[in-house]
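Read-outs: derived from the displayed coordinates by stated rules, not from any lab. Quick caveat: nothing in here was measured; it's all calculated off a predicted structure. As a convention, Cβ positions derive from the backbone with ideal geometry for all residues, glycine included, and neighbour counts pool all protein chains shown.
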Amino acid sequence: VEPDAAWRDEVLRLAEERDAVILAHNYQLPEIQDIAHHTGDSLALSRIAAQSDARTIIFCGVHFMAETAKILSPEKTVLIPDERAGCSLADSITGAQLREWKAQHPGAVVVSYVNTTAEVKAETDICCTSSNAVDVVRSIPADREVLFCPDQFLGAHVKRETGRENLHIWAGECHVHAGINGPELAERAAANPDADLFIHPECGCATSALYLSGEGIVPAEKVKILSTGDMITAARSTNARKVLVATEVGMLHQLRKAAPEIDFRAVNDRASCTYMKMITPAALLRCVRDGLDEVHVDLETARRARGAVQRMIEIGQ
Ligand code: 13P
Ligand code: SF4
């Protein structure tokens with residue numbers, strides 16, 4: 001299937017027939033981002049999914065994102081063009097492991113990143129995304145212990161920002177972001193001294209970026225730790241002519257659209273998420289045509305997870 005004008009017309013016509021809204025994460029293939037009714041980060045897409053009047057949500061992203069939309073709107077049909085699109089970070093903690101961790105810290109508040117399964121969300125007090133993780137943790141009384149899962153790099157970022165000692169961090173990671181490492185960033189930053197650094201907090205290099213600014217190697221105002229959505233906002237307001245981007249490479253498409261005059265370069269151009277890229281033009285066409293794959297979350301799990309997801313979309317509005 002070629003992502004040409006005929007493909008585009010057919011996908012949009014079939015979507016309308018189904019009363020479907022097409023959402024695409026910032027890491028999707030450029031042609032998928034361009035056909036979607038809305039693109040955005042995990043938090044923005046969750047909010048749009050919750051507010052949409054459409055009967056069907058087609059989630060071009062990974063499975064936990066579509067599951068989150070289903071948790072918020074159990075009465076809607078939620079489709080994902082390929083249900084095999086998983087997430088290594090979501091796989092790094094199971095419901096049973098979280099239950100065991102909670103038993104070791106009675107009374108602690110559980111904050112889970114949205115990159116988790118519905119079963120983990122059902123054991124969670126508040127979910128967060130990379131754009132509101134710091135606000136979510138700040139909303140918890142200072143004397144309560146916090147269990148933060150599953151991403152260790154985002155957890156370290158939250159701990160640094162909040163200065164909170166009673167925050168315990170699970171040792172999970174995303175294989176794509178963990179692979180964007182400190183030495184690579186230091187080398188790219190040294191070769192491009194005029195560039196801003198936009199760094200996703202899931203990256204292995206996030207701590208190194210702060211080290212580079214702390215040591216005066218890169219001016220502090222040039223180092224920005226941002227969610228994918230916040231990178232777009234920052235691209236519109238920066239004076240820099242060059243930006244080094246540390247996240248999944250799909251992000252470059254929206255950044256270049258938002259600020260065509262800026263030279264955006266990936267810190268690691270092999271940082272591509274194979275799960276995100278399973279949503280191909282052919283898969284999207286099959287999805288709108290045949291109503292596949294449908295995402296199901298059992299009603300009891302969805303009921304238990306809903307409060308945590310709702311708190312996430314309310315905080316940091
Ligand atoms: P955000 O879009 O919330 O920054 O998330 C990044 C990510 O890795 C999603 O899988
Ligand atoms: Fe999961 Fe990482 Fe892919 Fe995002 S980039 S979907 S966190 S594996």
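In this simple spin-label approximation, Glu2 and Lys224 carry label points 7 Å from Cα along the Cα→Cβ vector, and these lie 3.8 nm apart.
Comparing mean-square fluctuations of Asn181, Asn132, Asn166 from a GNM of the chain with C-alpha springs under 10 Å, the top value falls on Asn166. Please find, in a Gaussian network model of the chain (springs between Cα atoms separated by less than 10 Å), the residue of Ala96, Ala49, Ala122 whose mean-square fluctuation is greatest. So, out of Ala96, Ala49, Ala122, the one fluctuating most is Ala96. Quick check: net charge around Ile35, other residues with Cβ under 11 Å of its Cβ, Lys/Arg +1 and Asp/Glu -1? Result for the local shell: -3. A straight line joining the Cα centroids of region 23-64 and region 220-269 runs 20 Å. Only helical runs count toward this figure. For the chain, summing -39,500 (n - 2.57) over DSSP H runs of n ≥ 4 and dividing by all residues gives -12500 deg cm²/dmol at 222 nm.
Listed by chain and number, the lysines placed with their C-alpha closer than 20 angstrom to that of Lys159 are Lys102, Lys224; residues fewer than eight positions away on the same chain are left out.
The label-point distance for Thr94 and Arg236, in a model that sets each label 7 Å from Cα toward Cβ, rounds to 4.4 nm. With contacts taken as Cα pairs under 8 Å and at least 6 residues apart, the chain reaches a relative contact order of 24 percent.
Equivalent ellipsoid of the chain: semi-axes from √(5λ) of the C-alpha gyration tensor, largest first, are 30, 27, 15 Å.
In plain terms, the chain from Asp298 to Asp194 could stretch by 32.3 nm, reckoned as 0.36 nm per residue minus the Cα-Cα distance.
In order along region 63-78, phi translates into HN-Hα couplings of 4, 5, 5, 5, 4, 4, 4, 5, 4, 6, 9, x, 7, 8, 8, 10 Hz, rounded to whole numbers, per the Karplus curve 6.51 cos²θ - 1.76 cosθ + 1.60 with θ = phi - 60° and x for Gly and Pro.
Is the shape of region 180-266 best called rounded, prolate or oblate, per the rule: a/c under 1.5 gives rounded, else a/b larger than b/c gives prolate, else oblate, with a ≥ b ≥ c the square roots of the Cα gyration tensor eigenvalues? Prolate is the answer for region 180-266, as a/c is 1.5 or above and a/b outweighs b/c.
Residue order for Asp34, Asp298, Asp125, Asp53, fewest other beta carbons within 10 angstrom first, comes to Asp53, Asp298, Asp34, Asp125. Loop-located GluC sites (Glu not before Pro) in region 88-173 (DSSP state other than H, G, I, E, B) with a sparse environment of at most 11 neighbouring Cβ atoms within 10 Å: Glu165. Per residue, the average separation of C-alpha pairs within less than 8 Å and at least 6 apart gives region 90-173 a relative contact order of 30 percent. Indicate the gyration tensor shape class of region 93-138 (rounded, prolate or oblate), computed on the Cα atoms with a ≥ b ≥ c the square roots of the eigenvalues: a/c under 1.5 is rounded; otherwise a/b larger than b/c is prolate and the rest oblate. Oblate shape, in that a/c is at least 1.5 and b/c is the bigger or equal ratio. Stretched out straight at 0.36 nm per residue, the stretch from Ala282 to Lys257 would grow longer than its current Cα-Cα span by 6.6 nm. Using a cut-off of under 20 Å, list every residue of region 90-134 whose amide N is near the label point 7 Å from the Cα of Glu165 along the Cα-to-beta-carbon line. Answer for region 90-134: 105-109.
Enumerate by residue number the trypsin sites (Lys or Arg not before Pro) in region 135-204 meeting two conditions: DSSP loop (anything except H, G, I, E, B), and at most 15 other Cβ atoms within 10 Å of the site's Cβ.
Arg144
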